[in-house]
1. As an exercise, use a Förster radius of 35 Å and the Cβ-Cβ distance of Asp123 and Ala169 to find the FRET efficiency, rounded to the nearest 0.05.
2. Counting Lys +1, Arg +1, Asp -1, Glu -1, what net charge surrounds Asn164 among other residues with beta carbon under 14 Å of its beta carbon?
3. Suppose every Lys and Arg Cβ carries +1 and every Asp and Glu Cβ carries -1, with no other charges. What dipole size does segment 64-182 come out with about its Cα centre, to the nearest 20 debye?
4. Need one word for segment 64-182: rounded, prolate or oblate. Basis is the Cα gyration tensor (sqrt eigenvalues a ≥ b ≥ c); a/c below 1.5 gives rounded, then a/b vs b/c decides.
5. Could you name the lysines in cross-link range of Lys42, using Cα to Cα under 20 Å and dropping any fewer than eight places away on the same chain?
6. So how tilted is helix 58-78 from the main axis of the chain? Cα-based, degrees 0 to 90, rounded to 10.
7. Rounded to the nearest 500, what is the 222 nm mean residue ellipticity of the chain from helices alone, with -39500 (n - 2.57) per DSSP H run of 4+ residues and division by all residues?
8. Which one of Phe66, Ala23, Ala133 is farthest out on the positive end of the charge dipole of the chain, using unit charges on Cβ (Lys, Arg +1; Asp, Glu -1) and the Cα centre as origin?
Amino acid sequence: MGTRKPNRGPAATASNRAALMSAARSIFASKGLSAPLSSIAKKAGVSQGVLYRHFRSRMDLVVAVFDENMEKVDRALADKAADELGFDAAWRKLVELTMSDVAFIETAVHSNTDPRIHQLGVDIRNILNPLVAEAKEAGRLKDETTVETLFLALRAIYGLVATNGEGMAPVGDQVAELLAGLGLSVR
């Protein structure tokens, strides 16, 4: 007979949530938003009932993971070098998340289907708008570049990641070439 973990009850709440978030981030990043929730619970080492106690729906979990990703963007801005533009710090983190996390861009694509995700898209735009203005003023971006241009570039990066196959140039090289061509190179 296998060893069963003792039930820690309410004392396990914070650690269960952290395990679920970590598992969801990992599984969503590699398999996208449609990954089975049972695989997330299993990877977290909890039952599906525990998952649903913390997150009543898939979208609740998606929003929580996306919120954590946006905290990474905020941290990148806070930790930027003194001589670095805020735009460069935020843009680098957004490109990195798009290349490494399938769910990050899928969440943005689904922003019309759930008001919470739509709000997250609004939040990203609110972060980027003053940074784009700062970058234009510093000569870092062309005057024609808008926040929507950046969203289109992120969607194009997602397309490169999703379709990169054997025999093709490494996706990082393709992304660098795309961004250089658009004048949006990551610094």
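1. Efficiency, from the Cβ-Cβ distance: 0.55.
2. Working: positive: none; negative: Glu166, Asp173, Glu177.
The answer is -3.
3. Result for segment 64-182 is approximately 140 debye, rounded to the nearest 20.
4. It is oblate, given that a/c is not under 1.5 and a/b is not larger than b/c.
5. Qualifying lysines at Cα under 20 Å: Lys5, Lys31.
6. Compared with the principal axis, the helix lies near 50 degrees.
7. -22500 deg cm²/dmol
8. Ala23
Any read-out appearing in this document is the output of simple, stated calculations on the displayed coordinates, not a laboratory observation. Every value quoted in this text rests on a predicted model; they were computed, and no experiment measured them. In this analysis, Cβ positions are derived from the backbone assuming ideal geometry, glycine residues included, and neighbour counts consider all displayed protein chains.
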